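Here the structure comes first, spelled out in structure tokens, and everything after it is commentary.
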Amino acid sequence: CYTGTGEYFRGSVATSESGKACVQWDSVSSPYNTRNYPHSQLNSNQCRNPGANRNRPWCYTSSKTAVWEYCSISAC
């Protein structure tokens, strides 16, 4: 579970709410904007909320139509 906006969530969930696979955070290919989080030490494909810029943990997905999605993780 996560607290607040999930900025410090470090669970192992790696799929979005709709079941799409999450991509590596350190991917630099378009359309992913992972360079926006240079100090977050994101080197996995697990759901996170770096910089707490969204309401809860999320990830970039492997879908071309849904670039990012929230993850199905419960609040504590």
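Odds and ends about this structure:
- Among residues of segment 55-72 being in contact with a Pro (Cβ under 9 Å, 6 or more places away or on another chain), open to solvent by less than 90 Å² (accessible area, probe 1.4 Å) and not hydroxyl-bearing (Ser, Thr, Tyr), the one that is nearest to residue 18 (Cα to Cα) is 71.
- Scanning segment 25-53 for residues that are out of contact with any Asp or Glu (no Cβ under 9 Å at 6 or more places or on another chain), modelled with pLDDT under 85, of a type outside the set (A, V, I, L, M, F, W, C) and surrounded by 15 or more Cβ atoms within 10 Å (Cβ to Cβ) returns 26, 32, 37, 40.
- Any pair with Cβ under 7 angstrom, 6 or more apart, that starts in segment 9-28 at a residue that is without any contact (Cβ under 8 Å) to a residue 24 or more places away in the chain and ends at one that is assigned to a loop (DSSP other than H, G, I, E, B) and surrounded by fewer than 15 Cβ atoms within 10 Å (Cβ to Cβ): 26/43
The values are calculated or read from the model by the stated rules, or taken from the named source; none is laboratory data. Predicted model, so just to flag it, every value in this text is computed and none were measured. Heads up, the Cβs are rebuilt from the backbone with ideal geometry, glycines too, and the neighbour counts pull from every protein chain shown. The protein model used for the area step is the full one, side chains on, heavy atoms only, and it has no ligands, DNA or RNA in it. Shrake-Rupley method; radii C 1.70, N 1.55, O 1.52, S 1.80 Å.
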